[in-house]
Each structure stands twice: as C-alpha cells, then as structure tokens.
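A short worksheet on the structure shown next.
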Amino acid sequence: MENREIQIRCKACSGRFGVPPLQTFAWCPACHQEWKIKWLDSESGMIIAPVSWKDYQVKSRRILPNE
C-alpha cells in the first residue's frame, strides 16, 4: 500500500491541503491555520479543532488579543 497524502478541507479558508497519514497536527498552506487531525483509519482523517483557539479567533474573527 502506498503512503500518500490525504486531502483535507480547511475549516478556516475552505482550501484543500495534503496531510500524511496518521499525522496528528497539520497546517493549511493557504491561510496558515494549524489544526488537530483525528484519523478514523489510515485513509480517513478529519479536522477536529484548531491547535490554539485563541490564535484561531484572532485570525478568523479579527479579535484583538487582550480583548
């Protein structure tokens, strides 16, 4: 079996990016958002949450830190 990247859709910008099988963290090259990845098996993965909710809020909602 070939170990090729699995395409996942970013929840922040809706772009697609490749993730190596069973990697637990990944970042979107388009918007630079970091994500936690959950794997159902070596061919099916999904984004479950941003690595940092604070960074996600700043990027997606333009909330300033300390507000």
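Pairs meeting the criteria (first residue in region 8-35 and in contact (Cβ under 8 Å) with a residue 40 or more places away in the chain, second residue assigned to a loop (DSSP other than H, G, I, E, B) and of a type in the set (S, T, N, Q), beta carbons under 8 Å, at least 6 apart or on different chains) are Ala12/Gln33. For region 7-20, residues that are modelled with pLDDT under 95 and either open to solvent by 100 Å² or more (accessible area, probe 1.4 Å) or farther than 22 Å from Ser60 by Cα (or both) total 1.
Here the condition is being open to solvent by less than 60 Å² (accessible area, probe 1.4 Å) and within 8 Å of the chain's Cα centre (by Cα); of Trp27, Trp35, it holds for Trp35 alone.
The values are calculated or read from the model by the stated rules, or taken from the named source; none is laboratory data. No experiment lies behind these values; they were computed from the predicted model shown. When we count neighbours, we look across all protein chains shown, and the Cβ atoms used for this are built from the backbone with ideal geometry, even at glycine. The protein model used for the area step is the full one, side chains on, heavy atoms only, and it has no ligands, DNA or RNA in it. Shrake-Rupley method; radii C 1.70, N 1.55, O 1.52, S 1.80 Å.
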